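A.B. asks: Below is a structure I'd like to ask you about.
No value in this document is a laboratory result; all are computed from the given coordinates. All of these numbers come straight from a predicted model, not from anything done at the bench. FYI the Cβ positions are ideal-geometry reconstructions off the backbone, even for glycines, and counts take in every protein chain you see.
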Amino acid sequence: MSFDPFDFNNALPIINEESEFFPLMSSEDEEEMNNELIPEVLPILPLRNTVLFPGVVIPITVGRDKSIKLIKDANKGNKIIGVVAQKDTSIEDPNYDQLNQVGTMALIIKVLQMPDGNTTVIIQGKKRFTLKEQVQTEPYIKASIEPFKEIKAKEDKEFKAMVSSIKDMAMNIIHLSPNIPTEASIAIKNIESTSFLINFISSNMNAPMTAKQHMLEVANLNDRARMVLEHLTVDLQMLELKNQIQSKVRVDLDKQQRDYFLNQQLKTIQEELGGNSPDMEVDNLRAKGKNKKWSKEIADHFNKELEKLVRINPAAADYSVQINYLELLTELPWNEFTKDNFDLKRAQKVLDKDHFGLDKVKQRIIEYLAVLKLKHNMKAPILCLVGPPGVGKTSLGKSIARALGRKYVRMALGGIRDEAEIRGHRKTYIGAMPGRIIQSIKKAGASNPVFILDEIDKVGNDFRGDPSSALLEVLDPEQNSNFYDHYVEMDYDLSNVMFIATANSLSTIQPALLDRMEIIEVNGYTIEEKVEIARQHLLPKQREAHGLKPKDVSIKNNVLEKVVEDYTRESGVRNLEKKIGSLVRGIAKSIAMEEEYSAAINKEDVEKILGAPLFDKDSYENNNVAGVVTGLAWTQVGGDILFIEASLSPGKGRLTLTGSLGDVMKESVTIALAYLRAHASLFNIDYRLFDQWDVHVHVPAGATPKDGPSAGITMLTALVSAFTQRKVKEHLAMTGEITLRGKVLPVGGIKEKILAAKRANIKEIILSKSNQKDILEIKESYITDMKFHYVAEMREVINLALTPEKVENPLDLTVKEEVKAVLN
């Protein structure tokens, strides 16, 4: 640390200023000052960190309201004030008893308003005085005073030698101190008055305030000079010793010793600034390690790495790497668990309160809790919630954590392509860090959180590795008890973590990864479920988000049903929440503008705020044209309906496919046409028609790619309808895969497809017999007005789907005549 025997911060700004406020005093000035009369009463200005000596000019910053008032009043009058140092510097507003008894009469030379708003006053000490008694407290202290009884100095040889020594020592100190400017030596050299020299050095000496106040109170100048000489002697000896040590060290030190010395200085500086020195950091890490609940193997590894840290030079680059590694080990929750809440009834209430429906998922969670309650050490299952966006997969994880009383962490996997995101980097690399699994566990602060792996179906892979393969170790209950992170370099037990993965589709998940998870389908909601979700959750949430109270806005179930049917077409409720938010904002605007409005939103208000309906149910109904069939499709955003259109034209039996069909759908058309050719007699179709007529199959919305086997029976029904000119029954839809033998095979996504059919006002649905089990999982109250036909062969589909009568419109009559002519 630097050592300055003098503190010239107060005097030097005035020394450098060429004005009448130059601080040096001649003998004539001193004699004139001694002849000045001291008033009987003076306003008293308390000083907190400064002692003013006679003849010395100092600037002081005035901040107290009382002091500012005193300076203003005195500056308007004779500019004479009394300056007294307070006994306790920590007191903000000292009273009379908290002041020293000896002070200095001062003349206000100049008052300056600084740019930061503070007031700086330049004052010059005149004569010392002694306080007698207080005569005023407000607005500032006034006191009666009496002159300080001074004893004249005996200017003998001893005194002169003492003064000369003081001046020489002061010059030497200034010369040896690099932080004291040379202007100080010029000021001391030009001082003529002996008493002013002693006062000037006393004022600027780096001594405690109590020592300076004691010097001020010494009446005999000889004694005061002796005190100053003693202080200067000690300061000069310390300074010379310091310079000798520095000189010797500078000569003897080699590079290693120099680094050590600098580190010791850095350690001292860090301690002064409140930071941690390397030794303190090591001690802190060792103390943290003793409090951890880790095994002997981990403890030995930690102590080994800690000893390695002690041997590393703190200035080396490896030091910070090792510090970060050891801090991670101490921050990870090794064998630290939160206590599970086994109140199953409470858990059921929490799940029911947060989410409407989703009975299958809730039942699985309650089953897990029940087994854990009985066995206490069951390994956590790996659940995978699969369903379209907006059905509540991610938010369900929060509810599970709340029901279990566990910590909750979420890791978004969408777009991750680097394997190091899962397993971490080796700590020898620049910028290395642990994988996001370990980072999330550290963030949770417990080894058994509910861990959401969001969008697991959107994990990518490239030259940097395959993150989905890295997840195999994380999600395998038989392996994740020894999960190895490259950065941690130790096995970490993940078997107590309850991993819950979410996905929109299983098709993009690696089969090996899929095999390690328990798949739970979170399908879309029915209209009835959406209405209940909107009433219980979405509307209260939007009211709170927009600063409204329950009395300000209400929406009845029939109005919510209109919003669901006419303004949303989705499996989840994300867009429904946006529409409800628009309705609530409409009410909020009316309230803010103090307009008249009705708190109960009706159907007319919905169209006024949201505009015309976006979806028309009538467009999803069949028409009277033969060859048009309604099919059911599954998409990543839920179920949907599609139309298959088949038409005939004179030709040579060519097949044309349009509508942006994928390979699987093209194959379905080919299979359907091949089956129809081979079994034409079953449907009363003359086989010669296939060589005389071209077939065109089209799926509308050609800009949208479509693929999948679910349209097999729909394609065949459309072809049979076109060749026989028998139209399809109204309000009927179908889904299923076919074979060349005419068998109807089951398909997936049944619940989403049924919900789409219900939205489109479909009344009858044809399914494979093997899909009957999927219908049983849907609440019966949601499908009471729908009729299901379960078939095993294609002949059953045609008998159910086509009307017995043929189309008799002019276009179809023309087709009939052309067919008859070809046959003849």
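A.B. asks: Normalise the Cα radius of gyration of region 450-540 by 2.2 N^0.38 Å (N = residues in it) and let me know the number.
C.D. replies: Region 450-540 yields a ratio of 1.41.
A.B. asks: So which lysines pass the test for Lys589, namely a Cα distance under 19 Å, with those fewer than 8 places away in the same chain ruled out?
C.D. replies: Qualifying lysines at Cα under 19 Å: Lys541, Lys549, Lys551, Lys578, Lys579, Lys603, Lys608.
A.B. asks: If you place +1 on the Cβ of every Lys and Arg, -1 on the Cβ of every Asp and Glu, and leave all else neutral, what size is the dipole of region 344-521 about its Cα centre, to the nearest 20 Debye?
C.D. replies: Dipole about the Cα centre, nearest 20: 1020 debye.
A.B. asks: Have a look at region 527-615 and give its Rg and Dmax from the Cα atoms, expressed in angstrom.
C.D. replies: Expressed in Å, the Cα Rg and Dmax of region 527-615 come to 12.1, 38.
A.B. asks: Still on this structure: Could you rank the peptides 424-437, 484-497 by their average count of other C-beta atoms within 10 Å per residue, with the highest value first?
C.D. replies: The packing order, highest mean first, is 484-497, 424-437.
A.B. asks: Averaging sequence separations of C-alpha pairs under 8 Å and six or more residues apart, then dividing by the length of the chain, give the relative contact order as a whole percent. All intermediate terms of the calculation are to be shown ahead of the outcome.
C.D. replies: Numbers: 1411 pairs, mean separation 61.7, N = 824.
With pairs under 8 Å counted, the relative contact order is 7 percent.
A.B. asks: Mind checking the dipole of region 527-615: about its Cα centre, +1 per Lys or Arg Cβ, -1 per Asp or Glu Cβ, Debye to the nearest 20? Intermediate values should be presented prior to the final figure.
C.D. replies: Values: 16 positive and 16 negative charges, 50 e Å.
The calculated dipole for region 527-615 is roughly 240 debye.
A.B. asks: Which is farthest toward the positive dipole end of region 261-331 among Ala316, His301, Thr330, measuring Cα position about the Cα centre, with Cβ charges +1 (Lys, Arg) and -1 (Asp, Glu)?
C.D. replies: Selected residue: His301.
A.B. asks: Over the residues of region 619-822, compute the C-alpha Rg and express it relative to 2.2 N^0.38 Å.
C.D. replies: On the way: Rg = 16.3 Å, N = 204, 2.2 N^0.38 = 16.6 Å.
Cα-based Rg divided by the globular estimate yields 0.98.
A.B. asks: Moving on. Rounded, prolate or oblate for region 133-248? Axes are the square roots of the Cα gyration tensor eigenvalues, ordered a ≥ b ≥ c, and the cut-off for rounded is a/c under 1.5.
C.D. replies: Taking the square roots of the gyration eigenvalues as a ≥ b ≥ c, region 133-248 is prolate.
A.B. asks: Continuing with this model, one more query. According to a simple spin-label model (label point 7 Å from Cα along Cα-to-Cβ), what is the distance in nm between Lys442 and Ala287?
C.D. replies: About 2.1 nm, to one decimal.
A.B. asks: So how far apart, in nm, are the two label points at Glu297 and Met114 if each is 7 Å from Cα heading toward Cβ?
C.D. replies: Label-label distance for Glu297 and Met114, simple model: 6.4 nm.
A.B. asks: Then there's this: Among the listed pairs Lys375/Lys751; Lys458/Lys769; Lys76/Lys127, which have their C-alpha atoms separated by more than 29 angstrom in this model?
C.D. replies: Lys375/Lys751; Lys458/Lys769
A.B. asks: Counting other beta carbons within 10 Å of each Cβ, put Met665, Met114, Met227, Met205 in order, fewest first.
C.D. replies: Listed from fewest to most nearby Cβ atoms, that is Met114, Met227, Met205, Met665.
A.B. asks: I've got another one for you. In debye to the nearest 20, how big a dipole does the chain give about its Cα centre with +1 on each Lys and Arg Cβ and -1 on each Asp and Glu Cβ?
C.D. replies: 2460 debye
A.B. asks: Report, to two decimal places, the Cα Rg of region 557-695 normalised by 2.2 N^0.38 Å (N = number of residues).
C.D. replies: Normalised Cα radius of gyration, region 557-695: 1.66.
A.B. asks: Which parts of region 695-729 would a label at Arg654 reach, counting a residue when its backbone N lies under 15 Å from a point 7 Å out along Cα-to-Cβ?
C.D. replies: 695-697
A.B. asks: Continuing with the same structure: Quick check for you: which residues of region 390-419 have the amide N under 17 Å from the point 7 Å beyond the Cα of Lys578 toward its beta carbon?
C.D. replies: Under cut-off, by backbone N: 390-392.
A.B. asks: Under 1.5 on a/c is rounded, so check that first for region 104-157, then, if it is not, pick prolate when a/b is larger than b/c and oblate when it is not; a ≥ b ≥ c are the square roots of the alpha carbon gyration tensor eigenvalues.
C.D. replies: oblate
A.B. asks: Which entries in Lys345/Lys763; Lys362/Lys758; Lys66/Lys189; Lys345/Lys443; Lys349/Lys779 show an alpha-carbon gap greater than 27 Å?
C.D. replies: The answer is Lys345/Lys763; Lys66/Lys189; Lys345/Lys443.
A.B. asks: Could you work out [θ]222 nm for the chain from helices alone, using -39500 (n - 2.57) per DSSP H run of at least four and dividing by all its residues? Round to the nearest 500 deg cm²/dmol.
C.D. replies: -13000 deg cm²/dmol
A.B. asks: With the dipole of the chain worked out from charges on the C-beta (+1 for Lys and Arg, -1 for Asp and Glu) around the Cα centre, which of Pro477, Val228, Gly117 lies farthest toward the positive end?
C.D. replies: Ranked along the dipole, the leading option is Pro477.
A.B. asks: Moving on to the next point. Grab the beta carbon distance between Ala316 and Glu240, set R0 = 45 Å, and tell me the FRET efficiency rounded to 0.05.
C.D. replies: It comes out at approximately 0.80.
A.B. asks: If you don't mind, there's one more thing I want to ask. Can you pull the Rg over Rh of the chain, Cα-only, Kirkwood?
C.D. replies: 1.27
A.B. asks: Normalised by the number of residues in region 344-521, what is the relative contact order in percent for Cα pairs under 8 Å and 6+ residues apart?
C.D. replies: For region 344-521, the relative contact order is 30 percent.
A.B. asks: Now for a separate question. With a ≥ b ≥ c the root eigenvalues of the C-alpha gyration tensor of region 261-331, is it rounded (a/c under 1.5), prolate (a/b larger than b/c) or oblate?
C.D. replies: Here region 261-331 falls in the prolate category.
A.B. asks: For Glu544 and Lys308, calculate 0.36 nm times their separation in residues minus their Cα-Cα distance, and state this gained length in nm to one decimal.
C.D. replies: Using 0.36 nm per residue and subtracting the Cα-Cα distance, I get 79.4 nm.
A.B. asks: Oh, and also: Given the Cα-Cα distance of His214 and Thr50 and 0.36 nm per residue of separation, how much length would full extension add, in nm?
C.D. replies: Difference between extended and current length: 57.8 nm.
A.B. asks: Which three lengths, in whole Å and largest first, does region 344-521 cover when its Cα atoms are put on their principal axes?
C.D. replies: Ordered largest first, region 344-521 gives principal extents of 51, 33, 25 Å.
A.B. asks: Quick check: pseudo-label points 7 Å beyond the Cα along Cα→Cβ at Asn558 and Arg585, how many nm apart are they?
C.D. replies: Placing both labels 7 Å beyond Cα along the Cβ direction yields 2.9 nm.
A.B. asks: Here's another thing I want to ask about it. Looking at Ser582, Ile783, Ala403, which one has the Cα that reaches farthest to the positive end of the dipole of the chain (charges on Cβ: Lys, Arg +1; Asp, Glu -1)?
C.D. replies: Value: Ile783.
A.B. asks: What would the Debye equation give as log₁₀ I(q)/I(0) for region 300-392 at q = 0.20 Å⁻¹, counting only Cα atoms as equal point scatterers?
C.D. replies: For region 300-392 at q = 0.20 Å⁻¹, log10 I(q)/I(0) is -1.01.
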